[in-house]
Amino acid sequence: METAAFSLGDNLPHPITGVALSEADRHRQLIQYSIWASEVGFDAVHIGEHHFNDYMLSSPPVVLSAIGERAPGLILSTAVTLVPTLDPVRAAEDYSTLDNLFPGRVEIVAGRGNFFSRSYPAFGLQVTDAREIFEERLSLLQTLLREEKVSWSGKFRGPLENVTIRPRPTRDLPIWIGAGSMASALLAAKLGCRLMLPSVFGHPKMFVPIVERYKEAWEEAGRDVNDIIIGSCCHAFAGSSHDDMRARFVPRYGHYWNFVDQLISDNTGGKVQMPFDLESFLAGPAVAGSSQECIDRMGELHDLLGHNRQLFMFDIGGISDSELEETVRRFGAEVLPHLPD
């Protein structure tokens with residue numbers, strides 16, 4: 001199994017000390033976080049894209065470029081690239097440029113960002129068109145990365161005539177689709193994209209039907225089942241013991257999740273609320289506890305999902321540099337060697 005350090009870039013004060021990093025220092029922390037992950041054996045880094053809130057990462061290619069120079073062994077990926085609010089031509093140029101700087105290391109995880117619907121009108125779009133926009137722009141992005149002299153017309157963007165983006169990618173860039181719905185999983189199978197499960201938003205078992213339908217649709221499309229690649233993500237902390245996890249991780253985790261719950265509620269007009277429930281979360285979207293508890297949880301998740309890559313989000317809720325380095329290094333030394341193949 002491949003492993004990745006994962007961040008959405010929340011920039012919250014620590015719940016006990018009240019200390020918050022500046023946005024500049026938080027970006028620097030992300031780079032250092034990636035370096036530590038690379039040093040202890042993680043395979044990849046995935047960073048998110050959000051707009052107009054305290055998830056302060058809005059330009060993944062720029063941040064990944066900085067990480068790429070400092071952590072030369074890592075795959076550089078996103079979580080997610082908000083394809084609906086990007087111009088596909090500009091996005092193709094950005095990620096192709098990143099690929100030319102770091103050949104063979106760049107990926108795109110594409111998503112709709114439908115939990116954060118306020119960004120749609122800010123980019124001149126209607127959230128009611130989200131799925132249609134996503135499908136049109138993702139297909140065009142894929143075409144621009146793969147083909148030259150592209151002529152195209154669609155509903156949500158002006159037409160293209162004989163357009164070739166530069167620089168050309170050095171390879172066929174892997175594209176994942178973040179799929180929390182059957183429709184997105186079917187789209188991933190149709191386009192030949194990898195499947196990334198947004199499993200930080202619920203118990204992993206709720207995604208099993210999506211995995212099963214994705215595999216069926218993949219075969220129905222005439223694709224080789226050996227080419228199926230599935231990813232999952234979690235909140236993570238490896239402590240010196242279970243009690244250590246509860247003392248240090250839980251206050252930050254609750255603080256972080258209250259922020260997420262409020263943000264989602266605000267963006268959905270209160271229609272979606274996800275209050276913090278510690279025991280449910282420790283049995284669901286979190287891999288946290290002693291190193292052995294983390295190993296055991298990962299075995300359960302792999303048995304459930306049969307996935308190929310796991311993303312671990314360690315840097316939530318105002319974590320300090322020292323605590324972040326400690327848990328990443330402990331995870332690398334004591335957990336990674338025991339994960340499923």
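Read-outs: derived from the displayed coordinates by stated rules, not from any lab. For clarity, every value in this text was computed on a predicted model and none was experimentally measured. Ideal geometry is used to build each Cβ from the backbone, glycine not excepted, and the neighbour counts take in all protein chains shown.
Name the residue farthest towards the positive end of the dipole of region 72-154 from the options Pro103, Thr128, Leu144, assuming +1 on Cβ of Lys and Arg, -1 on Cβ of Asp and Glu, about the Cα centre. Final value for the positive-end residue is Thr128.
Could you tell me the center-to-center distance, by alpha carbons, between region 235-300 and region 158-181 in angstrom? So the two Cα centres are separated by 34 Å. Our summary gives region 2-338 a relative contact order of 21 percent, counting only alpha carbon pairs under 8 angstrom and 6 or more residues apart. Averaged over residues, the count of other Cβ atoms within 10 Å places the peptides 216-226, 261-271 in the sequence 261-271, 216-226, highest first.
Along the charge dipole of region 2-338, Cβ charges K/R +1 and D/E -1, which of Phe42, Ala20, Ser117 sits furthest on the positive end? Farthest towards the positive pole: Ser117. Say the dipole of region 276-341 comes from +1 at the beta carbon of Lys and Arg and -1 at that of Asp and Glu; which of Cys294, Leu278, Ile319 then lies farthest toward its positive end? The Cα lying farthest towards the positive end belongs to Cys294. Once backbone amide H atoms are built at 1.01 Å from N, Thr3 has Asp43, Ala44, Gln310 as its partners under 5 Å, excluding neighbours fewer than 5 places away on the same chain. Each Lys and Arg Cβ is given +1 and each Asp and Glu Cβ -1; about its Cα centre, the chain then shows a dipole of about 760 debye. Close amide H pairs (under 5 Å, H built 1.01 Å from N) link Met196 with Ile177, Gly178, Ala179, Gly231, residues at least 5 positions away or on another chain. Taking other Cβ atoms within 10 Å as a rough exposure proxy, Ser34, Ser65 sort from fewest to most as Ser65, Ser34.
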